[in-house]
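K.L.:
Dropping the structure in here first, questions after.
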Amino acid sequence: MSATSRDLPGANMAETVVYEPSNQPGHDRPVGSPEMTKPNLQGNHRYTFGSGARPLDGYTIKRAIGRGGFGEVYYATSDSGKEVALKLILHNLEVERRGVVQCMNLKCPNLLTIHDLKSSDAGDSFVIMEYVAGPSLANVLAQHPEGLPPQEVRAWLKGLIDGVAYLHDHGIVHRDLKPANMFMEEGIVKIGDYGLAKLINASQDTGHSESIGTCHYMAPEIASGKYQKPIDVYAIGVILYEMLTGRVPFEGESVGEILMKHLTARPDLKRLTEPYRSIVGRALAKDPAHRPARLYDLLPPEDAPKAPPVRFIGDGKVSPASLPPDLQIVDEEIHRIGPEEPIFYIGPDTRPPRRSRPPLERLRENWGAMRRPARPNPPPAPPRAARPADVVRRPAPVPTPAPLPPPPPLPGTRIRIAELATSMLWATVLAMLITTAASMAIGIDIFRDTEQAVYLFALTLLGTWGVLIAGKGVEGRTIDLSTRRMGDALLGGLLGVAALILTAWLGLAPGRGLADPFATELVAWLGPIQASNTAPLRFPAYFGLLGLFTGGWKSLAIRDRKARFRLFPIAWTALVAAVLAPISPALEPSNIAVAVSIAIVTQFVSPWSEAAAAYARLSKKRRVA
């Protein structure tokens with residue numbers, strides 16, 4: 001075995017095929033590309049074959065050029081001098097064989113050609129593929145850490161879309177799109193590894209996943225075993241983001257961290273400009289149903305394929321849509337044969353048979369026609385004047401507003417559950433901080449009046465959790481106003497029941513812990529009312545009416561609210577809570593502080609979408625207009 005068959009240190013294992021500049025004797029051009037770096041391979045493992053080996057009849061290996069999860073790749077030449085790439089399959093032989101056979105007859109300029117699948121006398125299986133001397137997209141990105149120039153992005157994206165669209169049209173999902181599998185030679189983008197199975201399993205040698213180089217491009221639904229066409233759309237979105245910025249949208253120190261970000265995190269699209277911001281945003285949607293159904297929708301408008309003009313071949317009449325609105329249309333048919341009049345062709349095979357006449361009869365008929373005088377042509381008929389009833393005025397078109405664009409897609413159920421759990425966790429921390437400040441503001445000593453502070457914190461947290469859960473339950477659904485108000489009142493009533501239970505459990509009495517003299521006098525003035533037998537019902541009544549008149553705080557938790565945080569809802573909540581204060585059996589300002597704290601915490605912890613807010617404003621403007 002020669003020296004070229006040894007692993008070289010520092011290999012990029014994300015590469016399927018790596019090329020190096022080399023001049024082979026007897027060739028007119030250099031083999032490989034000067035833009036490519038010399039392949040370096042990690043580990044101390046040797047390649048199976050060295051330079052000059054002939055493991056397959058008719059092919060001579062020149063050098064090893066890469067190693068991947070499926071096996072090894074060699075640059076070789078046939079006995080007639082054709083350059084090929086030989087892939088030695090070492091793992092998952094039957095799965096790889098089925099995938100290669102399925103793709104062997106595909107013919108697309110944007111796909112690496114698979115020539116054949118052969119086995120050697122020793123039982124080794126080789127895939128004979130097209131050899132590409134150009135650089136991979138991974139190498140190009142390494143030379144442009146801040147992203148590619150716009151023209152290069154368009155060229156790579158157009159070729160990628162054309163190749164993957166061809167695969168999808170033939171019922172094939174690539175499943176492992178990444179920059180290392182994309183090459184460019186003489187201005188043509190070529191996609192490789194579309195016939196090989198992509199498995200996620202543990203490597204016994206390294207203890208890592210064999211697909212560790214591809215986890216940056218995995219769609220969220222792969223975690224549940226779904227390998228449909230939308231996973232290729234997602235990978236194209238990641239590749240486009242990387243070409244524009246030089247970085248992948250989701251990074252991490254481990255495979256698990258990266259995959260979790262694919263499931264829950266949202267990409268930062270602020271660095272992208274239109275139209276790429278919208279394209280990448282739709283391609284990286286967590287829900288596969290919300291990604292573009294057509295791959296060509298991922299192209300910018302100037303590169304999208306144009307539909308051919310529809311050409312009608314008919315009786316030569318002018319389409320009414322092309323006439324000016326004030327043209328007089330006369331009730332009279334104009335019959336003429338235009339340049340595109342449909343013609344039924346009568347040829348030798350379709351001409352009906354004719355009875356042949358004797359020559360003497362035909363001569364007599366022609367002689368008689370020559371002796372008869374010619375019939376004079378009739379004078380042309382005068383043009384018919386248009387009658388008033390015949391003139392039709394076409395009404396001017398009424399301008400119609402453009403239809404609303406489709407609303408921004410909602411995240412999937414799994415994503416919304418993760419958002420809810422995160423919001424509830426942050427609500428616990430934020431409620432503790434807000435209620436501590438509120439206790440100090442209304443004169444409650446948290447060390448002396450611990451029960452009051454606990455009441456304020458617990459009721460704020462329970463109320464915020466209730467608002468978050470209710471908001472997630474109705475998100476994306478259309479509910480009429482009366483039903484929504486009844487739900488708000490019910491949610492407030494349940495919060496009042498919780499307040500009643502907390503008051504009894506903590507042993508709180510009306511007026512305890514007050515620092516405001518006015519509130520103390522008000523409690524003394526309404527003492528008989530506080531002692532009435534209806535006191536247990538006042539907590540649910542107070543919070544139920546509070547939820548009814550404030551909208552149940554759910555408007556502060558919706559994704560399409562005007563802004564993430566606003567002061568007006570807080571002021572309105574405080575005003576309503578103060579007006580309803582006499583209904584509460586405890587007239588201390590704690591309940592007002594609870595209402596205000598819920599309004600503050602809910603806004604901070606609820607997810608907010610700028611795109612959804614913009615769509616809500618546009619929809620409201622259309623309804624008003």
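The values are calculated or read from the model by the stated rules, or taken from the named source; none is laboratory data. Computed from a prediction, not measured in an experiment: that's the story for all the values here. Heads up, the Cβs are rebuilt from the backbone with ideal geometry, glycines too, and the neighbour counts pull from every protein chain shown.
K.L.:
All but one of (1) in a loop (DSSP other than H, G, I, E, B); (2) at pLDDT 75 or above; (3) not polar (S, T, N, Q) hold for residue 101; state the number of the condition that does not hold.
P.N.:
(1)
K.L.:
Among 563, 504, which is the only one that is at pLDDT 80 or above, surrounded by fewer than 23 Cβ atoms within 10 Å (Cβ to Cβ), among the small types (Gly, Ala, Ser) and not in a helix (DSSP H, G or I)?
P.N.:
Being at pLDDT 80 or above, surrounded by fewer than 23 Cβ atoms within 10 Å (Cβ to Cβ), among the small types (Gly, Ala, Ser) and not in a helix (DSSP H, G or I) holds for just one of 563, 504, which is 563.
K.L.:
Also, quick follow-up: Within the range 95-125, how many residues turn out to be exposed (fewer than 15 other Cβ atoms within 10 Å of the Cβ), under 24 Å from residue 164 (Cα atoms) and either charged (D, E, K, R) or outside the structural domain of residue 49 (by TED's automatic domain parsing) (or both)?
P.N.:
Of the residues in that region, 3 qualify.
Every residue, every condition in (1) in contact with a helix residue (DSSP H, G or I) (Cβ under 8 Å, 6 or more places away or on another chain); (2) in a helix (DSSP H, G or I); (3) surrounded by fewer than 17 Cβ atoms within 10 Å (Cβ to Cβ), yes or no:
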position	(1), (2), (3)
429	no, yes, yes
434	yes, yes, no
438	yes, yes, no
447	no, no, yes
455	yes, yes, no
465	yes, yes, no
473	no, yes, yes
477	no, no, yes
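K.L.:
Now for a separate question. Would you be able to tell me the number of residues in the range 578-625 that are at pLDDT 80 or above and hydroxyl-bearing (Ser, Thr, Tyr)?
P.N.:
Qualifying residue count for the region: 5.
K.L.:
Which pairs turn up if I take residues in the range 442-468 that are in the same structural domain as residue 547 (by TED's automatic domain parsing) and free of Cβ contacts under 8 Å to residues at least 40 places away in the same chain and look for partners that are surrounded by fewer than 23 Cβ atoms within 10 Å (Cβ to Cβ) and part of a loop (DSSP other than H, G, I, E, B) with beta carbon separation below 7 Å, at least 6 apart in sequence or on another chain?
P.N.:
453/446
K.L.:
Now for a different question. What's the number of the condition residue 243 fails, among (1) in a loop (DSSP other than H, G, I, E, B); (2) touching a residue at least 60 places away in the same chain (Cβ under 8 Å); (3) not β-branched (Val, Ile, Thr)?
P.N.:
Looking at each condition in turn, residue 243 falls short on (1).
K.L.:
Residues that are closer than 26 Å to residue 167 by Cβ, in a loop (DSSP other than H, G, I, E, B) and modelled with pLDDT under 90: does the range 48-62 have at least one?
P.N.:
no
K.L.:
Touching a residue at least 60 places away in the same chain (Cβ under 8 Å) and under 25 Å from residue 94 (Cα atoms): which single residue out of 107, 118 fits that description?
P.N.:
After ruling out the rest, the residue left standing is 118.
K.L.:
Just for the range 527-560: of the residues that are modelled with pLDDT under 75 and closer than 18 Å to residue 502 by Cβ, which one is surrounded by the most Cβ atoms within 10 Å (Cβ to Cβ)?
P.N.:
Applying the filter and picking the extreme gives 530.
K.L.:
In the range 407-427, how many are modelled with pLDDT under 85, loosely packed, with under 15 Cβ neighbours inside 10 Å and in contact with a helix residue (DSSP H, G or I) (Cβ under 9 Å, 6 or more places away or on another chain)?
P.N.:
The number of residues fulfilling the criteria is 1.
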